[in-house]
Amino acid sequence: MSQNAWKPLLLEGTVSAQGAADYNELVVSGTSLGKRYIRIQRLIIVPAADGTAANYQPTITTGDGLSGAIGQLYLGSSTAIGDIFDVTDIQGYGVTDTNGSLWLAFQADAGSDNSFTYQLYVEVW
């Protein structure tokens, strides 16, 4: 494979203690590689029914706390906490931060005791 090609990458995990303003750093390329071009392909989120939120609205940004700013790469629709969020073919282009990271926020509408499992499919240049 050529060095100058899109490379698929799966970022996945489970987070807890999530509220409206909690951002989770997802390291895409490692700090030694710096800023990278990315293409967001798919986002799947499975919320746990352990918190006080009724809804969540996922967002992907290029930095901590950048929802509603130029660094917001993707904003999902508001989704009931009992429903799985699964959006395919997002085709969102952007860049990581200078450390090679993206930031994922779930933006729960209540509490700071909510848990989520996620899979984010991206391609990296």
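The values are calculated or read from the model by the stated rules, or taken from the named source; none is laboratory data. These numbers were taken from a predicted model, which means no experiment stands behind them. A quick note on method: Cβ atoms are made from the backbone with ideal geometry, for glycine too, and the neighbour counts reach across all protein chains shown.
For the stretch 23-44, the tally of residues that are assigned to a loop (DSSP other than H, G, I, E, B) and more than 18 Å from Ile70 (Cα to Cα) stands at 7.
Going through Asp64, Asp83 one at a time, which residue ends up being farther than 15 Å from Leu120 by Cβ and touching a Pro at 6+ places or on another chain (Cβ under 9 Å)?
Asp83
When the stretch 96-125 is filtered for residues that are surrounded by fewer than 20 Cβ atoms within 10 Å (Cβ to Cβ) and within 19 Å of Arg42 (Cβ to Cβ), the ones remaining, listed by number, are Thr117, Gln119, Tyr121, Glu123, Val124, Trp125. Filtering Thr52, Thr117 for residues that are polar (S, T, N, Q), farther than 19 Å from Lys7 by Cβ and in a loop (DSSP other than H, G, I, E, B) leaves a single hit, Thr52.
Does Asp64 meet the test of being free of Cβ contacts under 8 Å to residues at least 40 places away in the same chain, surrounded by fewer than 17 Cβ atoms within 10 Å (Cβ to Cβ) and on the phi < 0 side of the Ramachandran plot? In short, no.
Within the stretch 69-100, the set of residues being under 19 Å from Gln18 (Cα atoms) and among the small types (Gly, Ala, Ser) comprises Gly76, Ser77, Ser78, Ala80, Gly82.
With the requirement that a residue be of a type in the set (Val, Ile, Thr), out of contact with any Gly (no Cβ under 9 Å at 6 or more places or on another chain) and more than 17 Å from Gly51 (Cβ to Cβ), what does the stretch 69-89 give you? Within the stretch 69-89, Ile70, Thr88 meet the criteria. Cβ-Cβ below 6 Å, separation at least six or inter-chain, first residue in the stretch 77-103 and more than 21 Å from Leu66 (Cβ to Cβ), second assigned to a strand (DSSP E or B) and of a type in the set (D, E, K, R): which pairs? Pairs that qualify, where the first residue is more than 21 Å from Leu66 (Cβ to Cβ) and the partner is assigned to a strand (DSSP E or B) and of a type in the set (D, E, K, R), are Thr88/Arg42. Among the listed residues Ile40, Ile90, Ile84, identify the single one that is under 15 Å from Tyr118 (Cα atoms) and surrounded by 17 or more Cβ atoms within 10 Å (Cβ to Cβ). Matching residue, one of Ile40, Ile90, Ile84: Ile40.
Scanning the stretch 17-37 for residues that are surrounded by 13 or more Cβ atoms within 10 Å (Cβ to Cβ) and polar (S, T, N, Q) gives Gln18, Asn24, Ser29.
Rundown of residues vs (1) in contact with a strand residue (DSSP E or B) (Cβ under 6 Å, 6 or more places away or on another chain); (2) in a loop (DSSP other than H, G, I, E, B); (3) among the basic types (Lys, Arg), yes/no style:
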site	(1), (2), (3)
Thr14	yes, no, no
Val46	yes, no, no
Ser77	no, yes, no
Asp109	yes, yes, no
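Between Gly63, Gly68, Gly92, the distinction of being farther than 30 Å from Asn4 by Cβ and modelled with pLDDT under 95 belongs to Gly68 only.
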